[in-house]
Amino acid sequence: MTLRWRLTLLYTTVMGLILSFIMLTVFSVMTRIIDSNIRADLIRSMEQAIKVNHAPGASYSWIVTLDDAAWALLPDLYGQVDIYALPENELSNLKDERLIPTNFVRSPNLDGLIGAGQALTLPSYEYAQIIRNGQEQPYFSELDVQVGEQTRHLQVITRLLPVQLLNRSLAGPVYPGILLLARDVTEIEDVFTALKTVLFFVTLLAIVGMGITIYGVSARALKPLRYVQAAAETITEKNLSQRVPVPNTHDEVESLATTINDVLARLEKSFETQRRFTSDASHELRTPVTAIGGHAGYLLRRTSPTPQQAESLTIIKNESERLSHLIQSLLELARADAGSVSMNMQPMLAMAFMEDLQRELKPIIGQAELQVAGKEFSFMADPSRMKQVMINLVSNALKAGSTRVTMEAHLEGKQVHLLVRDNGPGIAEEHLTRLFDRFYRVQESRSRDEGGSGLGLSIVKTIIDAHQGRVWFESKVGEGTVVHVVLPYREVVAEE
Ligand SMILES: Nc1ncnc2c1ncn2[C@@H]1O[C@H](COP(=O)(O)OP(=O)(O)OP(=O)(O)O)[C@@H](O)[C@H]1O
Ligand SMILES: [Mg+2]
């Protein structure tokens, strides 16, 4: 997973959790406030009900006179009084939880809710609780009533009370009773359900929005990092002098870029030291090696050494020539590494160039056949370097033991295609990609016998690279090898 996604997920999760917590808290505080308001309202209503139902001058302080006029004072509420005609007429005798009221009085508006003649009934265990709470404490409960298709939700307050039914006279028995007042809270609940849905979707939307924003913002935050990365990716051993841009952000990215540049500087220095060493060493070796070869040659030609001496001198001469060749190759590669390969682009005639080469190579090809194929065309390239390339490729083919080598040139659209085909032993697949590595030789011992250093193809590659071209091998073991060189075609502009 990318850093950008990780950041987005992390921050969105954290923000989502915080937001959900806030929303839940707000919601539960709101429901609690509304709930306690409804309860306080119910308590007030109950006190009022008791007050208005208490006949002035009655001998009992808790006499309740419940008639339609009294209920009319509590229009928002449903009311009901259950009366229990117990022998002792005492409140304390009301003990049975499953007791059934002997009688009940109801507010007229209950007709619309539960129908005439019906009573609101709470679950039996709640009656036990109401009796336990006694006169002092009201008891709250909730009740669902089915009205047609609809379920109405009621918030209920109940209390134990001694009830004296008044039949216009103040006399009459006193019974234990339960006063019940109910408020229809269906609408309020509906509002809360709707609010819950709205809050849920708002939270969800906010989290998605936050995720998108964080994704966008983190892209901006990581942009300098991408610049540094893109720049660092283009740096190879060829352009170690290049540096990554240092963003002026005063943060980790800036110090990362600075560090990368420091590393590059150190690498460049060590590469430079190595290159200079190769170049200096080659320079220093060149003169003495040439002198050794020259003197060996002189001794061979101008003195009359014994056959054994002659053999030694020949070895000295050949090996010093091989060494000279190696030193020359090393110098060339060191120069290429330093980026100081100067190209001298000139108009070239493909066929003429290869026919010249054919003539020039005649003395060294021995029994083998060297052919030229293709049609004449002109192009721009560095002739001496291209000659170096072709000589190397042809001599590789000959060293491998080919008996027929063909040099071909074709102009294909915007590309110059040069080929060197041979009927040599071919090269196994696994070597093909490594041929251009320095000192890489396929058959170590044989190549050494031939005096090869394994640097020829590295040099070929640097020359072709300098022409912005490509070079690759195609080979089948036992059938031969084809080396392809493709150069971008540069038209010859006639000079005036
Ligand atoms: N046409 C070919 N057929 C078979 N093997 C080849 C051919 N061309 C190159 N090779 C193999 O690739 C190796 C590398 O070639 P390269 O030109 O780099 O080095 P070299 O010829 O050994 O030495 P140098 O060119 O420096 O004198 C050779 O040693 C040889 O084994
Ligand atoms: Mg070679």
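Both radii are taken from the alpha-carbon atoms of the chain; with Rh as the Kirkwood radius, Rg/Rh is 1.56. Take every Cα pair under 8 Å whose residues are at least 6 apart in sequence, average their separation, divide by the length of the range 346-488, and the relative contact order is 23 percent. Per residue, the range 346-488 exposes 49 Å² of solvent-accessible protein surface, assessed with a 1.4 angstrom probe and all protein chains in place.
From most to least packed by mean Cβ count within 10 Å, the peptides 138-146, 304-312, 456-464 give 456-464, 138-146, 304-312.
Of all beta bridges that DSSP places with both ends in the chain, some 90 percent have antiparallel geometry.
With all protein chains present, how much of the accessible area of the chain (probe radius 1.4 Å) comes from carbon and sulfur, to the nearest whole percent? Carbon and sulfur together cover 57 percent of it.
Helical content alone sets the calculated 222 nm signal of the chain at -17500 deg cm²/dmol, taking -39,500 (n - 2.57) per DSSP H segment of four or more residues and averaging over every residue. Separation of the range 169-211 and the range 450-474 by C-alpha centroid, Å? Cα centroid of the range 169-211 versus Cα centroid of the range 450-474: 87 Å apart. The convex hull built on the alpha-carbon positions of the range 360-477 has an orientation-averaged projected area of 7.6 nm². Using a Cα-Cα cut-off of under 14 Å, which aspartates and glutamates could be cross-linked to LYS51, ignoring same-chain neighbours fewer than 8 residues away? The qualifying aspartates and glutamates are ASP67.
Do any of LYS362/LYS414; LYS362/LYS387; LYS223/LYS269; LYS399/LYS461; LYS317/LYS399; LYS399/LYS476 go past 23 Å between their Cα atoms, and which? Write down the numbers at each step before the final one.
Working: LYS362/LYS414 32 Å; LYS362/LYS387 15 Å; LYS223/LYS269 30 Å; LYS399/LYS461 19 Å; LYS317/LYS399 20 Å; LYS399/LYS476 17 Å.
Long pairs (Cα-Cα over 23 Å): LYS362/LYS414; LYS223/LYS269.
Our summary gives the chain a relative contact order of 10 percent, counting only alpha carbon pairs under 8 angstrom and 6 or more residues apart.
In this calculation the C-beta distance from GLU355 to GLN308 is compared with R0 = 56 Å, giving a FRET efficiency of 0.80. Across the range 105-217, C-alpha contacts under 8 Å between residues 6 or more apart give a mean separation that, scaled by the residue count, equals a relative contact order of 17 percent.
The values are calculated or read from the model by the stated rules, or taken from the named source; none is laboratory data. Remember, it's a predicted structure, so these values are computed and weren't measured experimentally. Cβ sites come from the backbone with ideal geometry, for glycine too, and all protein chains shown count toward neighbours. When the accessible area is computed, the model is the full protein with side chains, heavy atoms only, and any ligands, DNA or RNA have been set aside. Shrake-Rupley method; radii C 1.70, N 1.55, O 1.52, S 1.80 Å.
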